[in-house]
Amino acid sequence: MLQPLTSQNLTHWAERVDMAAAFRWTVRLNLHEAVANHFSLAVNDSGTQFLMNPNQRHFSRIKASDMLLLDANDVKTMDHPDAPDPTAWGLHGSVHRTCPHARCVMHVHSIHATVLASLADSTPPPIDQNTATFYNRYVIDDHFGGLAFEEEGARCASLLSDPKIKVMIMGNHGILVIGDTVADTFNRLYYFERAAETYIRALQTGQSLRVLSDEIAEKTAQELDDYPGQAERHLTELKAILDHENSDYAS
């Protein structure tokens with residue numbers, strides 16, 4: 001299939017297409033919140049240059065050619081005419097500036113993850129395979145300080161210094177997921193929402209939870225960490241569905 005003409009004039013085209021597919025599918029799953037959430041992807045070795053969705057564009061309309069290319073060290077970013085959302089810059093700019101291992105960053109206020117983030121104890125116990133996926137691989141932020149402008153964004157970024165931490169449960173806020181690629185991160189975002197839903201629905205029964213042992217939870221999490229190619233196949237299949245529907249995401 002021929003690439004759209006716009007791909008000849010823009011850098012990082014394959015990465016833009018992956019990002020656009022992730023935005024479109026986030027809408028399908030109802031994980032977005034109007035125009036308030038953001039995804040970003042580092043495109044240089046140090047991680048400081050990154051692609052991100054434009055200011056207040058609905059995920060269902062985002063195309064590969066729409067992505068902003070930003071530099072986390074550019075102090076004049078918010079002065080540019082196509083400046084990103086200030087909270088997106090505060091949060092994603094801070095993460096890409098200080099956490100080079102966070103190649104891709106996805107922040108949403110998805111329903112079940114946000115319910116989890118609103119509980120006095122936001123710990124998701126390992127009660128099934130999906131919840132076990134995140135065993136010892138998340139951090140809970142208990143110090144919500146308002147909208148993620150630069151100071152709050154920098155505080156949040158400081159909680160991601162350990163490369164083993166892949167998810168931040170943002171207390172009173174939502175969730176932030178990091179990964180190596182768009183596929184890796186979107187797959188993790190998808191499964192964390194499923195894990196949160198399982199836990200919330202289990203609580204709603206009022207019955208006692210059957211919690212896995214620490215040993216089995218860690219074993220399961222490590223096996224899923226090492227599972228070959230699943231995230232890449234997940235995103236490839238989503239793009240195939242979008243292509244079959246003649247979506248304009250890759251334009």
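The values are calculated or read from the model by the stated rules, or taken from the named source; none is laboratory data. Just so it is clear, the model here is predicted, and its values are computed rather than measured. Note that each Cβ is placed from the backbone with ideal geometry, even for glycine, and that neighbours are counted across all protein chains shown.
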Inspect the stretch 17-26 for any residue being surrounded by fewer than 20 Cβ atoms within 10 Å (Cβ to Cβ) and of a type outside the set (Gly, Ala, Ser) and give the result as yes or no.
-> no
Do the conditions hold for ALA14, that is, is it closer than 26 Å to GLU193 by Cβ and under 17 Å from the mean Cα position of the chain (by Cα)?
-> no
Under the condition of being touching a Phe, Trp or Tyr at 6+ places or on another chain (Cβ under 7 Å) and part of a loop (DSSP other than H, G, I, E, B), which residue from the stretch 126-152 is surrounded by the most Cβ atoms within 10 Å (Cβ to Cβ)?
-> THR133
Among residues belonging to the stretch 63-78 that are surrounded by fewer than 23 Cβ atoms within 10 Å (Cβ to Cβ) and touching a residue at least 60 places away in the same chain (Cβ under 8 Å), point out the one that is farthest from the chain's Cα centre (by Cα).
-> SER65
When you look at ARG155, is it within 23 Å of MET78 (Cβ to Cβ) and not in a loop (DSSP other than H, G, I, E, B), yes or no?
-> yes
Test LEU41 against the stated conditions and say whether it is under 23 Å from GLU232 (Cβ atoms), in contact with a Cys (Cβ under 7 Å, 6 or more places away or on another chain) and at pLDDT 95 or above.
-> yes
Mind telling me which of the residues PRO84, PRO54 ends up being buried (at least 21 other Cβ atoms within 10 Å of the Cβ), in a loop (DSSP other than H, G, I, E, B) and modelled with pLDDT of 95 or more?
-> PRO84
Only listed residue being free of Cβ contacts under 8 Å to residues at least 40 places away in the same chain and under 17 Å from the mean Cα position of the chain (by Cα), chosen from PRO100, PRO54, PRO81 = PRO54
If we scan the stretch 16-34, do we find a residue that is at pLDDT below 95 and aliphatic (A, V, I, L, M)?
-> yes
The correct count of residues that are of a type in the set (Val, Ile, Thr) and surrounded by fewer than 17 Cβ atoms within 10 Å (Cβ to Cβ) in the stretch 112-122 is 1
Could you count how many residues in the stretch 92-141 are out of contact with any Ser or Thr (no Cβ under 8 Å at 6 or more places or on another chain) and of a type in the set (Ser, Thr, Tyr)?
-> 7
The helices (runs of 4 or more DSSP H) lying wholly within the stretch 163-251 that contain at least 1 residues that are aromatic (Phe, Trp, Tyr) and at pLDDT 95 or above are 182-204
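Condition check ((1) within 20 Å of the chain's Cα centre (by Cα); (2) crowded, with 17+ Cβ neighbours inside 10 Å) across all residues:
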| position | (1), (2) |
| --- | --- |
| GLY171 | yes, yes |
| ALA217 | no, yes |
| THR220 | no, yes |
| PRO228 | no, no |
| ARG233 | yes, no |
Filter the stretch 28-51 down to the residues that are under 22 Å from TYR190 (Cα atoms) and small (Gly, Ala, Ser), then identify the one that is surrounded by the fewest Cβ atoms within 10 Å (Cβ to Cβ).
-> ALA34
List, please: which pairs have Cβ atoms under 9 Å, are six or more places apart or on different chains, and start with a residue in the stretch 30-47 that is under 18 Å from ALA64 (Cβ atoms) and end with one that is part of a loop (DSSP other than H, G, I, E, B) and among the acidic types (Asp, Glu)?
-> HIS38/ASP85
